[in-house]
Amino acid sequence: MKPDCILNLVRDNIRSLEPYSTARDEYQGTPGILLDANENPFGNGLNRYPSAALRRCLLEKIASFKGFPPEETFLGNGSDECIDLCYRVFCRPGVDNALMIAPSYGMYRVLADINGVESRSIPLGTGFSLPVEEILARCDRHSRLLFLCSPNNPTGNTLSFSGILRLLEEFPGMVVVDEAYADFSTQPGLASLVPRYPNLIVLQTLSKAFGMAGLRIGIARADRSVVTLFDRVRYPYNIGTDTLKLALETLDPERSAREIAVIRSERDRLATALSETRCILAVFPSDANFLLVRTQDPKALYRHLLTRGIIVRDRSSTPGCEGTLRLSVGTPEENDRLIRTITEYDNV
Ligand SMILES: Cc1ncc(COP(=O)(O)O)c(C=O)c1O
């Protein structure tokens, strides 16, 4: 798909949108007296709306360590905002549809519902594999978005690279690849394919490997035409001043790399220990920072853990995940306690 074809997928009202602009965005020099935005003039560090320069500074820092061109990089209020923007930019309520693999991250469907867009769930194949043929069979001329999550939440596996390439070639709309967990995988992500596939949007986040879930910073790498559209549609100040400052201070790729190494080795240790317990029937291979495990009685194990202060995610009522719990990888001490508590359940 050529970049100019992307515009044909955009909703008419968004294509012709006159975005909100602030006087401060229009003024390039050093500000003297700020009397344009009806703020409280008495300084307390937070009395001003977030500065575009500070936002730009964070965007450039993130783009630089990720190796993304800044003009192909967008910052959202969490990647959840980026998912919402995909719907708001590309899908006409009541007309267009979005496809998504199932089971996968629940917000793809919730945001489709909120935006009045039909969602079509395509079950994963054997071994949680990417159902390429089924996806292509279920799309039509109103299919504007396809959500793929790789590594997938909650199954933990990376989706087939060749399968995604085929979908990038043949799916008639935008293909959104959510790489929230890709930093935990040894397999390369897809962001470098954006120049070749303008219909590709890759989502990443500071919430997982970078340890800033409390800040709410999501990242999209996409064709510059898509980034421009996202910037026109987002709220003018979608990321607050303190969030921008804290993210700039906290972002430390070297520290994150050390933490990622520990999380990966703990994930593998946890997988081995859990597969040796009697109550866990299967530990699914994971490229993420969690493990999906199948157990005889997920509700009973869930309650056993809960009453001992360990909260995990019961996924047993999700189609395709029957009998499963999803366990996030904790610190080494937390993982020791999880293993001890599950072993104790084995012996009751
Ligand atoms: C696959 C996936 N994408 C996105 C998110 C949300 O990320 P963010 O915190 O950046 O909104 C999550 C959160 O659990 C997730 O699992």
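Nothing in this text is a laboratory measurement; each read-out follows from the coordinates by a stated rule. In this text, all values refer to a predicted model and were calculated from it rather than measured experimentally. Here Cβ is always computed from backbone atoms with ideal geometry, including for glycine, and neighbour counts include all displayed protein chains.
Listed here are the residues, each with its yes/no results for (1) in contact with a strand residue (DSSP E or B) (Cβ under 6 Å, 6 or more places away or on another chain); (2) surrounded by 15 or more Cβ atoms within 10 Å (Cβ to Cβ).
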{"site": "Gly116", "(1), (2)": "no, no"}
{"site": "Leu124", "(1), (2)": "yes, yes"}
{"site": "Ser129", "(1), (2)": "no, no"}
{"site": "Asn153", "(1), (2)": "no, yes"}
{"site": "Thr205", "(1), (2)": "yes, yes"}
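Against the numbered list (1) in contact with a Ser or Thr (Cβ under 7 Å, 6 or more places away or on another chain); (2) closer than 22 Å to Pro253 by Cβ; (3) crowded, with 23+ Cβ neighbours inside 10 Å, Gln187 comes up short only at (3). In segment 98-119, what count of residues is obtained for those that are among the charged types (D, E, K, R) and farther than 26 Å from Leu291 by Cα? Here the count works out to 2.
Give the number of residues within segment 250-293 that are in contact with a Gly (Cβ under 8 Å, 6 or more places away or on another chain), over 21 Å from Leu206 (Cβ atoms) and surrounded by fewer than 18 Cβ atoms within 10 Å (Cβ to Cβ). Selection size over segment 250-293: 2.
The strands (runs of 3 or more DSSP E) located wholly in segment 158-236 that include 1 or more residues which are among the acidic types (Asp, Glu) occupy 174-178. Scanning segment 38-78 for residues that are surrounded by fewer than 15 Cβ atoms within 10 Å (Cβ to Cβ) and among the β-branched types (Val, Ile, Thr) gives no hits.
Going by the conditions given, is Glu81 of a type in the set (Asp, Glu), surrounded by 16 or more Cβ atoms within 10 Å (Cβ to Cβ) and under 16 Å from Arg232 (Cβ atoms)? It is true that Glu81 is of a type in the set (Asp, Glu), surrounded by 16 or more Cβ atoms within 10 Å (Cβ to Cβ) and under 16 Å from Arg232 (Cβ atoms).
Table: residues versus (1) more than 16 Å from the ligand (Cβ to nearest atom); (2) more than 20 Å from Pro253 (Cβ to Cβ).
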{"position": "Pro41", "(1), (2)": "yes, yes"}
{"position": "Asn44", "(1), (2)": "yes, yes"}
{"position": "Cys57", "(1), (2)": "yes, no"}
{"position": "Lys61", "(1), (2)": "yes, no"}
{"position": "Lys66", "(1), (2)": "no, no"}
{"position": "Glu72", "(1), (2)": "yes, no"}
{"position": "Asp80", "(1), (2)": "no, yes"}
{"position": "Phe90", "(1), (2)": "yes, yes"}
